[in-house]
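The values are calculated or read from the model by the stated rules, or taken from the named source; none is laboratory data. The model shown is predicted, which means the values in this text are computed figures rather than measured ones. Please note: Cβ atoms are built from the backbone with ideal geometry, for glycine as well, and neighbour counts cover all protein chains shown.
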Amino acid sequence: MNHDLPVLYSFRRCPYAMRARMAIVHAGIQVVLREIELRSKPAQMLEASPKGTVPVLVLGDGSVIDESLDIMRWALQQNDPGKWLQVNDFEVLIQWNDSRFKDNLDRYKYADRYPEHPAEFYRQQGELFLTELESRLILTQYLCGDCFSIADAAIAPFIRQFAAVDETWFQASPYSALKRWLAAFLTGPLFDAVMKKYAVWKPGSSSIVFGGDTV
């Protein structure tokens, strides 16, 4: 194994880590994957990135990238066979996802922690974003056009979480284009490739090489 490979600290179900892994797989880049437990974060990860959130990518020269979008850009700038970065207005859409929508998603998912409003209130606030996505997907197959892009990869893991809070409600909701888009994402080869289960990494564990083949 090449010991100069970047090391990626990840948590399988985290949507931020999920989108970073998707970009790495799409780019055909190999990394050493270290699956962590959020309740028991390894000292090596915290030394690299004291903020303690995944994903964290430690490059061969020791430099650290610890924001998911930065990891995506790093991977895609090296190899972008699907031209994920060659779309318009994805930055505004991802910013909305990562700020207002994510805030309401957290409150909807954990409504008992935010008793100021019922869960339905936070869901309705989140629906403002769903409505925007639906309006786009009525016109084009993907969020920024007719090709899957960085916007789809960055946003889909969060819509997956939103849908799972109350799946019965989501399936009965009027967002037919969004539901089609999400279903295609969840059954596609890219999602399957990044959602394989790996043992939690411990110091001294065998290294897991992740990625290397484009999807």
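Here are the numbers:
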item	result
Output for the stretch 78-108, where each listed residue is under 18 Å from residue 140 (Cβ atoms), assigned to a helix (DSSP H, G or I) and of a type outside the set (D, E, K, R)	90, 92, 93, 94, 96, 97
Residue list for the stretch 15-45, restricted to those being touching a residue at least 24 places away in the same chain (Cβ under 8 Å), part of a loop (DSSP other than H, G, I, E, B) and either over 14 Å from residue 212 (Cα atoms) or of a type in the set (Ser, Thr, Tyr) (or both)	36, 38, 42
Filtered residues of the stretch 44-94 (kept if over 21 Å from residue 152 (Cα atoms), of a type in the set (S, T, N, Q) and surrounded by fewer than 13 Cβ atoms within 10 Å (Cβ to Cβ))	63
From 182, 190, 130, residue being buried (at least 17 other Cβ atoms within 10 Å of the Cβ), more than 15 Å from the chain's Cα centre (by Cα) and either outside the structural domain of residue 71 (by TED's automatic domain parsing) or in a helix (DSSP H, G or I) (or both)	130
Residue identified as of a type in the set (A, V, I, L, M), more than 15 Å from the chain's Cα centre (by Cα), within 24 Å of residue 196 (Cβ to Cβ) and in the same structural domain as residue 203 (by TED's automatic domain parsing) among 56, 31	31
Qualifying residue in the stretch 95-111 (condition: surrounded by 14 or more Cβ atoms within 10 Å (Cβ to Cβ) and closer than 16 Å to residue 9 by Cα)	no
